[in-house]
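Colleague: Below you'll find the structure I mean.
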Amino acid sequence: MVNTIKQRTPGFAVALIVAIVSQFLTLIIPDVGAATISIILGIILGNTFIKQPVLSAGTKFAEKRLLEYSVMLLGLTITFQTIIKLHWTGLLFIVLQMSITIVAAIMIGKWLHFEDGIYLSMAGGNAVCGSSAIASIKPVINASDEDAGMAITLVNLMGTVLMILLPILGTVVFGNVDMTRGALIGGTVQSVGQVIASATMVNQSTVEFATLFKIMRIIMLVVIVMVFAKIHQHNVSEKQVVEEVEQDVKKHKIDFLPWYVMWFLIFCIANSLVHLPTLIGGTAHFLSSWCEIIALAAIGLRLNLQAFLKAGKRFAIYSLGVGAIQVVAALVLIKLLIHA
């Protein structure tokens, strides 16, 4: 325990310092926002002056855990009245968007002659929640560490591109309508952290809507894992694959509902049924915002820009192709289904 804390302290401290500096910089450039400054400053420092391996454990912890805490605490600031605004069309949008993403990733992957370990990992990572989804899918499709690692790299790189692009594109296409901008970001961007980072570049209302759409995608993970197990079973003719998945679920080797999503829902229910004091909501918002800013600094510090150059032409075509289809599909579906 003590050793773990010692290993994480340097990286966490650097992420915290970047976050604090970002908050001060908002006094000079208030229109940009601390979250945006934090991730940009992290990327610059992480790819120039601060590359020490000793920071890795701390920045990884800050990226993963603090974003989870941020999402969890956000539940104390949202009620079912907000969720109801999404209507049944919001759920239909997510189902169709995920289906199109999965089909596109599989078809393009086959066209480029990738094995199912790559294209199923890419399909799940892009459709659901990035690295976390790939980690859940990996054991049921028997993907190699190399395939899963490459998929995680490509998904995170494309997520970073979309994270920066979609706030601008959403505002150009949908104007200042927070629900549709939130739908575009929450229904398309890959990881939870990237969704929050992207939506924060717009405003807090967009963060709430984007988070709700993103959580719908995460909840669908249970369906995705089972479907991918059957696809893999068909590919390799292994009848025991689905049974193995069921056994892994019983042994808790595969988590379909992440703990922070569960607590988000619990807090949201509590906030909807009981009139919580303003102090609780305000404190939760303050802590959630700081967790988010520190985590985004860590994401920036960990982002390796050289990975773009190392991915290779075939992988670049794959990633860009899937990303482009995701964005176009989302724009069309939002125009047809989402009405604020």
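The values are calculated or read from the model by the stated rules, or taken from the named source; none is laboratory data. Bear in mind the structure is a predicted one, so any value in this text is a computation, not a measurement. Don't worry about glycine lacking a Cβ; one is built from the backbone with ideal geometry, like all the others, and counts go over all protein chains shown. Ligands, DNA and RNA are excluded from the accessible area calculation, which covers all protein heavy atoms including side chains. Shrake-Rupley method; radii C 1.70, N 1.55, O 1.52, S 1.80 Å.
Colleague: Sorted by mean Cβ packing within 10 Å, highest first, what order do the peptides 122-129, 314-321 take?
Modeller: So the order, starting with the most tightly packed, is 122-129, 314-321.
Colleague: Is the shape of the chain best called rounded, prolate or oblate, per the rule: a/c under 1.5 gives rounded, else a/b larger than b/c gives prolate, else oblate, with a ≥ b ≥ c the square roots of the Cα gyration tensor eigenvalues? Write out the running numbers ahead of the final one.
Modeller: Values: a/c = 1.39, a/b = 1.20, b/c = 1.16.
Rounded shape, in that the Cα axes give a/c under 1.5.
Colleague: Related question: Full extension from THR171 to TRP111: what is 0.36 nm times the residue separation minus their Cα-Cα distance, to one decimal in nm?
Modeller: Working it through step by step, the gained length comes to 18.2 nm.
Colleague: To continue, here is another question. Quick one: which of 17-28, 38-49, 183-194, 202-213 comes out on top by average Cβ neighbours within 10 Å, and what's the full order, highest first?
Modeller: Listed from highest to lowest mean packing, they are 183-194, 202-213, 38-49, 17-28.
Colleague: Ignoring ligands, DNA and RNA, what accessible area per residue does the chain give at 1.4 Å, in Å²?
Modeller: 47 Å²
Colleague: Turning to a different aspect of this structure: GLY186: net charge of surrounding residues, Cβ under 9 Å, Lys/Arg +1, Asp/Glu -1, itself excluded?
Modeller: Net local charge, GLY186 excluded: +2.
Colleague: Select from LEU112, LEU120, LEU76 the residue whose mean-square fluctuation is largest in a Gaussian network model of the chain (Cα-Cα springs shorter than 10 Å).
Modeller: LEU112
Colleague: In whole percent, and with a 1.4 Å probe on the protein chains, what portion of the accessible area of the chain is carbon and sulfur?
Modeller: Heavy-atom surface of the chain belonging to carbon and sulfur, 1.4 Å probe: 69 percent.
Colleague: Rounded, prolate or oblate: which fits segment 1-134, taking a ≥ b ≥ c as square roots of the Cα gyration tensor eigenvalues, rounded meaning a/c under 1.5, else prolate when a/b beats b/c?
Modeller: Because a/c hits 1.5 or more and a/b fails to exceed b/c, segment 1-134 counts as oblate.
Colleague: Still on this structure, please answer the following. Could you state the number of Å between the C-alpha centres of segment 12-66 and segment 128-172?
Modeller: Taking the Cα centre of segment 12-66 as reference, the centre of segment 128-172 is 21 Å away.
Colleague: Mind jotting down the three principal axis lengths of segment 133-214 based on Cα atoms? Whole angstrom, largest first.
Modeller: Principal extents (Cα only, largest first): 44, 21, 16 Å.
Colleague: Okay, next question. Which value in deg cm²/dmol, rounded to the nearest 500, describes the helix-derived mean residue ellipticity at 222 nm for the chain, given -39,500 (n - 2.57) per DSSP H run of n ≥ 4 and division by the residue count?
Modeller: After summing the helix terms and dividing by the residues of the chain, the value is -25500 deg cm²/dmol.
Colleague: Moving to a separate point now. Taking the mean number of other Cβ atoms within 10 Å as a proxy for protection, how do you rank 60-66, 150-156 from highest to lowest?
Modeller: Going by the mean number of other Cβ atoms within 10 Å, highest first, we get 150-156, 60-66.
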